[in-house]
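> Have a look at this one.
The values are calculated or read from the model by the stated rules, or taken from the named source; none is laboratory data. Since the model is a prediction, treat every value here as computed from it, not as a measurement. In this analysis, Cβ positions are derived from the backbone assuming ideal geometry, glycine residues included, and neighbour counts consider all displayed protein chains. Surface accessibility is based on the protein's heavy atoms, side chains included, excluding ligands, DNA and RNA. Shrake-Rupley method; radii C 1.70, N 1.55, O 1.52, S 1.80 Å.
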Amino acid sequence: MRSAFAYTPRPRPLQVASPGAAVAYLGALAAVAVAYSSPPVLLAVGAAAALAGTLAGAGRAVRAALRLAVPIAIAIVVVNALVVNRGETVLARLGDWPLLGQVDVTAEALAEGAVLGLRALVVMIAFAVYASCVDPDRVLRALRPLAGRSALTATLVSRLVPVAAADAARLRDAARLRGPGAAAVGRAPLARRLLAGSLDRAVDVAATLELRGYGLEASGGNGRPRRVARHPVARRARARRRDPRAGDPRRRRSRFDGRFYAVAAAVALAAVAGGLLGAGDFHAYPTIHLGVDGATLALIAVVLLSGLAPLRRLPRRRRALAAAPPPSRLRGPAAAPALEARRV
Amino acid sequence: MSELATRRAAPPALGIDGLTYRYPRASSAAISDLSLEIAPGEFVLLAGRSASGKSTLLKAACGLVPHFHGGEIEGSIAVAGLDAIESGPGKLAAAVGYLAQDPETQVVSTTVAAEIELPLEMRGDAPASRARAIEEVALALAIPHLLDRTVDTLSGGELQRVALAAALVTRPQLVLLDEPTSQLDPVAGDELIWLLRRLNEEWGVALLLAEHRLERCLAAADRVVAMDGGAIAFDGAPTAFLAWSHATDPTLSTPSARLFSLAGIDPLPTGVRNARAILESPAMAGVGGTTPSERLVLLGRPDLGRQPPPHPSKLREEGVVPPAPATLQARGLWVELSTGDELRDVLRGIDLDVSRGERIALMGRNGAGKSTLVRTAAGLVDPVAGKIQTPGGMALLTQNPSDYLVRERVGDELPGKQGMAALRVVGLEHAADVDPRDLSGGERQRLALAIALAGRMEGEELPGLIALDEPTRGMDRARKDELTELIERLAERGAGVVVATHDVEFAAAFAARVVLLGDGVVIADGPVGEILSGGWYFATEVARVLDLPGVVTPEQGAEALREGRAE
């Protein structure tokens with residue numbers, strides 16, 4: 001089964017946008033989450049990121065991020081409540097604990113923990129949408145002129161991580177299939193086996209890179225060989241390199257780029273203006289204070305609306321067609337009668 | 001000199017002279033005093049048993065040996081005029097492409113387009129030139145629809161084509177292929193060979209193809225080089241190779257050549273078309289015939305294959321044979337698996353019964369649901385509807401036996417009496433103190449099967465069902481024969497044996513019954529002679545040559561031909 005966070009190409013605006021536009025858009029949302037501590041603003045950013053992911057077809061990634069992030073957020077709340085004794089509203093006195101000393105659980109520490117947990121959750125949703133919707137190869141290609149080797153390493157890591165996950169699943173299956181009379185397999189031998197397998201994979205990838213001409217890049221570091229051999233093969237290659245056409249027609253800018261850059265700029269401007277106007281006023285200590293003024297509401301509105309950016313508007317004729325599911329979508333045991341005809 | 005004149009004076013695509021190579025810490029040389037020359041545009045088939053040095057030769061030709069693997073090397077290798085020992089794989093990349101057995105190991109990018117583009121980027125080609133090259137190679141390999149897909153969503157055949165595209169996109173003069181069809185179903189395997197022949201003819205690419213299933217590609221090759229013990233044992237035309245292998249190493253022979261040699265017909269054919277032409281020649285006095293029914297009459301066997309052996313379940317129903325206990329019962333089995341965004345029905349209402357002692361080949365193209373069926377039977381996958389039961393217990397050996405081996409001593413993997421009993425079943429009781437890594441490929445596979453069996457036997461009685469998933473990947477015929485013997489032993493001892501396989505020749509050798517899956521449903525279920533004859537892709541080479549119902553192995557075909565000639 002593919003990871004929910006694995007990049008999946010879909011014909012949606014966020015996926016076809018250039019990496020710069022997509023990163024700017026999702027980065028603007030994440031930046032607001034980092035810059036503001038106000039729970040309503042954070043909730044708005046989370047809702048916008050989730051909405052964007054759902055509209056981009058990455059609902060599964062959003063749900064997976066929620067499943068992963070909610071326990072983390074709860075853990076942050078609990079830890080913060082136990083280790084921070086600040087705040088005037090004591091809810092419980094838990095006495096002296098080893099290492100922690102006197103532990104008093106305050107409403108303020110709980111509130112601060114909830115804000116930190118919410119922030120982590122929001123950033124994880126935004127990252128899940130990014131991972132599922134933005135082609136890592138295009139991002140890394142954009143970075144190659146700046147840092148060729150680092151970008152290539154990142155490419156390989158982004159490829160090897162899901163491969164290692166698949167290897168781990170296969171090893172777990174093999175462990176389950178061992179007969180009861182075979183020696184039991186604990187986590188340590190499995191981890192050793194996985195590590196050995198990953199090293200083998202890395203060696204294979206290194207060999208493939210050599211075969212794809214990585215040695216040529218070694219001298220330049222930016223994807224351009226420094227020296228051209230005089231061999232006829234190399235001469236033809238050089239002739240092709242002199243091709244006067246500069247751009248790659250496959251990677252021309254998407255018509256949605258402008259939309260995402262504009263939305264990112266609007267969110268960033270709203271965040272800056274909100275900061276100057278005192279929007280998102282929140283502090284937990286010494287007592288909880290939450291200010292919701294007009295500037296805060298305006299910022300929330302802009303952020304929420306930004307979640308609609310990946311909305312795809314179909315032409316009227318295609319909308320009518322999309323309303324009716326094709327007969328080939330018939331799935332599950334209900335399709336059994338239709339399949340009977342195929343049997344021999 | 002003009003470009004055309006340069007091409008006419010082109011050096012050999014591959015020139016090897018006096019090559020001797022020893023891997024680091026190896027006791028003997030993997031290649032000994034080997035000399036070989038391949039002309040531009042030549043299609044050369046590299047034959048030989050496992051560990052005969054084929055892969056090492058390919059790695060030397062692309063520079064991985066010695067640059068990547070180390071070791072000691074003598075002699076010279078020239079690829080399109082470049083010194084391979086001096087240059088290394090990076091500099092050779094523009095002149096030579098390499099395709100390994102497992103495409104999973106040679107994909108480094110997330111999307112197909114990026115994977116194909118990588119060699120051009122490394123070479124520093126301009127973006128527009130890269131886009132055109134990608135488009136052209138994608139069209140040549142019929143994969144334009146895959147360009148925007150991620151590599152982890154591709155089937156084995158699609159991934160192999162993508163890896164081939166990445167090897168071809170720089171327009172190399174020589175492409176080296178190391179058993180590229182071993183993981184593909186018959187359809188994808190045949191398509192790949194056809195594609196290689198077309199590239200060879202239209203692009204003028206020289207091909208050096210190492211392969212165990214020679215019947216798949218012998219007819220396409222211009223020349224065959226056979227290796228034995230790191231040296232060239234034969235170098236010549238395909239017809240001469242067949243005569244040589246018949247006399248020297250019959251395990252390298254093809255099914256149609258075995259058919260002809262058993263029937264005493266000369267010359268030996270290089271493929272189905274050639275075999276039919278020989279049979280239909282005047283010298284064969286009409287044995288070939290033109291239609292299956294005509295052939296049957298000419299052969300004096302009009303009854304042959306018309307009444308295939310009855311299905312075991314029918315014989316049991318009629319009381320001809322005593323009912324055998326069921327070891328697998330599937331009723332209305334539906335399985336859904338996630339493919340990213342959506343769920344896909346992989347098995348759709350499967351009904352299947354397997355009895356003790358049966359030998360069943362589970363066949364179908366990639367993605368038909370073979371692995372999912374055996375994994376569901378073993379409890380690794382939960383069905384969404386229907387039932388599946390294995391009343392006598394089950395042992396499953398998955399595609400990669402190495403996944404079962406996690407300790408450094410065979411005895412540590414299988415301790416105690418139960419472990420020793422399992423080792424005895426697979427004939428490895430003598431290897432208790434050996435490191436699994438020191439076992440041969442076939443022995444490692446048997447050890448993994450013993451690990452799956454341990455504790456599932458009552459005394460010496462085997463579990464009711466033993467399933468093997470694609471056990472013949474990368475195996476030569478000698479190892480397949482050993483596996484066939486093991487399967488027969490297991491069935492004789494009362495286990496129902498189900499083997500998911502793409503290998504029709506292997507299925508014809510071991511199975512009594514074939515279950516053919518297509519898109520998650522059972523398309524055909526019957527005796528091996530019935531299912532593996534009369535088709536095209538899921539048919540043995542002998543069945544395709546003779547087109548006689550029920551005749552699938554060289555022995556059966558030779559018997560029919562002998563009888564036809566006697567008439």
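> Scan A:S132, A:S150 and give me the residue that is touching a helix residue (DSSP H, G or I) at 6+ places or on another chain (Cβ under 9 Å), open to solvent by 30 Å² or more (accessible area, probe 1.4 Å) and polar (S, T, N, Q).
Values: A:S132 fails: open to solvent by 30 Å² or more (accessible area, probe 1.4 Å).
From the options A:S132, A:S150, the qualifying one is A:S150.
> Would you be able to say whether some residue in the range A:34-41 is more than 20 Å from A:G291 (Cβ to Cβ) and open to solvent by 70 Å² or more (accessible area, probe 1.4 Å)?
Looking for residues that are more than 20 Å from A:G291 (Cβ to Cβ) and open to solvent by 70 Å² or more (accessible area, probe 1.4 Å), one finds none in the range A:34-41, hence no.
> May I pose another question? I'm checking my understanding of the structure. Among residues of the range B:493-534 that are in contact with a strand residue (DSSP E or B) (Cβ under 7 Å, 6 or more places away or on another chain) and charged (D, E, K, R), which one is least open to solvent (accessible area, probe 1.4 Å)?
Result: B:R513.
> Right, something else. Please go through the range B:393-415 and pick out each residue that is farther than 24 Å from B:H502 by Cβ, more than 9 Å from every other protein chain (Cβ to nearest Cβ) and either of a type in the set (A, V, I, L, M) or in contact (Cβ under 8 Å) with a residue 60 or more places away in the chain (or both).
If the condition is that a residue be farther than 24 Å from B:H502 by Cβ, more than 9 Å from every other protein chain (Cβ to nearest Cβ) and either of a type in the set (A, V, I, L, M) or in contact (Cβ under 8 Å) with a residue 60 or more places away in the chain (or both), then B:G393, B:V410 are the ones that fit.
> Could you tell me whether B:K59 is at the interface with chain A (Cβ under 9 Å from one of its Cβ atoms), under 27 Å from B:R213 (Cα atoms), open to solvent by 40 Å² or more (accessible area, probe 1.4 Å) and of a type outside the set (F, W, Y)?
Yes: the conditions hold for B:K59.
> Let me ask something else about it. Among B:L46, B:L82, which is of a type outside the set (S, T, N, Q), in contact with a Lys or Arg (Cβ under 8 Å, 6 or more places away or on another chain) and free of Cβ contacts under 8 Å to residues at least 24 places away in the same chain?
B:L82 is the lone residue from the list that is of a type outside the set (S, T, N, Q), in contact with a Lys or Arg (Cβ under 8 Å, 6 or more places away or on another chain) and free of Cβ contacts under 8 Å to residues at least 24 places away in the same chain.
> To continue, here is another question. Counting residues that are over 16 Å from B:S52 (Cβ atoms), which strands (runs of 3 or more DSSP E) fully inside the range B:194-237 reach at least 2? Before you say what the answer is, go through the steps one by one.
Working: elements: B:206-210, B:223-228, B:231-236.
Those strands (runs of 3 or more DSSP E) span B:206-210.
> Report whether or not A:R10 is within 14 Å of another protein chain (Cβ to nearest Cβ), within 18 Å of A:V139 (Cα to Cα) and either open to solvent by 60 Å² or more (accessible area, probe 1.4 Å) or not in a helix (DSSP H, G or I) (or both).
Against the criterion (within 14 Å of another protein chain (Cβ to nearest Cβ), within 18 Å of A:V139 (Cα to Cα) and either open to solvent by 60 Å² or more (accessible area, probe 1.4 Å) or not in a helix (DSSP H, G or I) (or both)), A:R10 qualifies.
> In addition: Here are B:L192, B:L154: which of them is open to solvent by 10 Å² or more (accessible area, probe 1.4 Å), touching a Lys or Arg at 6+ places or on another chain (Cβ under 9 Å) and of a type outside the set (F, W, Y)?
Within the list B:L192, B:L154, the selection yields B:L154.
> Separate question: Would you check if there is a residue in the range A:85-102 being part of a helix (DSSP H, G or I) and of a type in the set (A, V, I, L, M, F, W, C)?
The answer is no; no qualifying residue exists.
> For the range B:365-479, please list each of the helices (runs of 4 or more DSSP H) lying entirely inside it that holds at least 1 residues being in contact with a Phe, Trp or Tyr (Cβ under 9 Å, 6 or more places away or on another chain). Walk me through it before giving the result.
Numbers: elements: B:370-377, B:410-413, B:416-425, B:441-453.
Where helices (runs of 4 or more DSSP H) fall fully within the range B:365-479 and carry at least 1 residues being in contact with a Phe, Trp or Tyr (Cβ under 9 Å, 6 or more places away or on another chain), they are B:410-413, B:441-453.
> Does at least one position in the range B:64-72 carry a residue that is among the small types (G, A, S) and buried (at least 20 other Cβ atoms within 10 Å of the Cβ)?
no
> So, of the residues in the range A:133-151 that are touching a Lys or Arg at 6+ places or on another chain (Cβ under 8 Å) and touching a residue at least 24 places away in the same chain (Cβ under 8 Å), which turns out to be farthest from A:L199 (Cα to Cα)?
The qualifying residue farthest from A:L199 (Cα to Cα) is A:C133.
> Out of the residues in the range B:110-143 that are within 29 Å of the chain's Cα centre (by Cα) and part of a loop (DSSP other than H, G, I, E, B), which is farthest from the other protein chains (Cβ to nearest Cβ)?
Looking at residues that are within 29 Å of the chain's Cα centre (by Cα) and part of a loop (DSSP other than H, G, I, E, B), I get B:A142.
> Next up: Between A:R176, A:R141, A:R172, which is more than 7 Å from chain B (Cβ to nearest Cβ) and surrounded by fewer than 19 Cβ atoms within 10 Å (Cβ to Cβ)?
Working: A:R176 fails: more than 7 Å from chain B (Cβ to nearest Cβ); A:R141 fails: surrounded by fewer than 19 Cβ atoms within 10 Å (Cβ to Cβ).
The unique qualifying residue is A:R172.
> If you go through the range B:161-176 one residue at a time, do you hit one that is under 24 Å from B:T540 (Cβ atoms), more than 10 Å from chain A (Cβ to nearest Cβ) and touching a residue at least 40 places away in the same chain (Cβ under 8 Å)? Even if it seems obvious, please write down each step before you answer.
Here is the first cut: in the range B:161-176, the residues under 24 Å from B:T540 (Cβ atoms) are none.
No: zero hits.
> Have a look at B:E429, B:E413, B:E461 and point out the one that is out of contact with any Asp or Glu (no Cβ under 7 Å at 6 or more places or on another chain), charged (D, E, K, R), open to solvent by 10 Å² or more (accessible area, probe 1.4 Å) and under 24 Å from B:A378 (Cα atoms).
Criteria check complete, one pass: B:E461.
> Sort out which residues of the range B:244-281 are over 24 Å from the mean Cα position of the chain (by Cα) and farther than 17 Å from B:A558 by Cα, and write them in order of number.
B:A247, B:S281
> Is it the case that A:L277 is more than 22 Å from A:A58 (Cα to Cα) and modelled with pLDDT of 95 or more? If you could, list the steps in order and put the result at the bottom.
Numbers: more than 22 Å from A:A58 (Cα to Cα): yes; modelled with pLDDT of 95 or more: no.
Here the answer is no, as A:L277 does not meet what is asked.
> Taking B:Q101 as meeting all but one of (1) outside any helix (DSSP H, G or I); (2) modelled with pLDDT under 90; (3) within 7 Å of another protein chain (Cβ to nearest Cβ), write down the number of the exception.
(3)
> Check B:L207 against each of (1) touching a Pro at 6+ places or on another chain (Cβ under 7 Å); (2) at pLDDT 95 or above; (3) not charged (D, E, K, R) and name the one condition it does not meet.
For B:L207, the failing item is (1).
> If you check A:R245 against the conditions, is it more than 9 Å from chain B (Cβ to nearest Cβ), at pLDDT below 90 and open to solvent by 80 Å² or more (accessible area, probe 1.4 Å)? Explain how you work it out, then say what you get.
Working: more than 9 Å from chain B (Cβ to nearest Cβ): no; at pLDDT below 90: yes; open to solvent by 80 Å² or more (accessible area, probe 1.4 Å): yes.
Against the criterion (more than 9 Å from chain B (Cβ to nearest Cβ), at pLDDT below 90 and open to solvent by 80 Å² or more (accessible area, probe 1.4 Å)), A:R245 does not qualify.
> Give all pairs with beta carbons closer than 8 Å in which a residue from the range B:134-148 that is more than 17 Å from B:L195 (Cα to Cα) meets a residue that is of a type in the set (S, T, N, Q); count only pairs at least 6 apart in sequence or on separate chains.
Partner pairs satisfying both residue conditions: B:L147/B:T111; B:D148/B:T111.
> Please enumerate the residues belonging to the range B:91-120 that are open to solvent by 20 Å² or more (accessible area, probe 1.4 Å) and farther than 23 Å from A:S198 by Cα.
Hit for the range B:91-120 is B:K91, nothing else.
Conditions tested, residue by residue: (1) assigned to a loop (DSSP other than H, G, I, E, B); (2) under 17 Å from B:D178 (Cβ atoms); (3) not aromatic (F, W, Y).
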position	(1), (2), (3)
B:L36	no, yes, yes
B:P40	yes, no, yes
B:V44	no, yes, yes
B:L58	no, yes, yes
B:V65	no, yes, yes
B:H69	yes, yes, yes
B:I73	no, no, yes
B:A78	no, no, yes
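> Can you tell me how many residues within the range B:345-357 are more than 8 Å from every other protein chain (Cβ to nearest Cβ) and either in a strand (DSSP E or B) or at pLDDT 95 or above (or both)? Show your work before the answer.
Restricting attention to the range B:345-357, the residues satisfying the condition of being more than 8 Å from every other protein chain (Cβ to nearest Cβ) are B:346-347, B:350-357.
Pick out the ones that are also either in a strand (DSSP E or B) or at pLDDT 95 or above (or both) and you get B:346-347, B:350-355.
Total satisfying the criteria: 8.
> Could you tell me which residue of the range B:317-344 is nearest to B:R493 (Cα to Cα), considering only residues that are surrounded by 15 or more Cβ atoms within 10 Å (Cβ to Cβ) and modelled with pLDDT under 70?
Restricting to residues being surrounded by 15 or more Cβ atoms within 10 Å (Cβ to Cβ) and modelled with pLDDT under 70, the top hit is B:G340.
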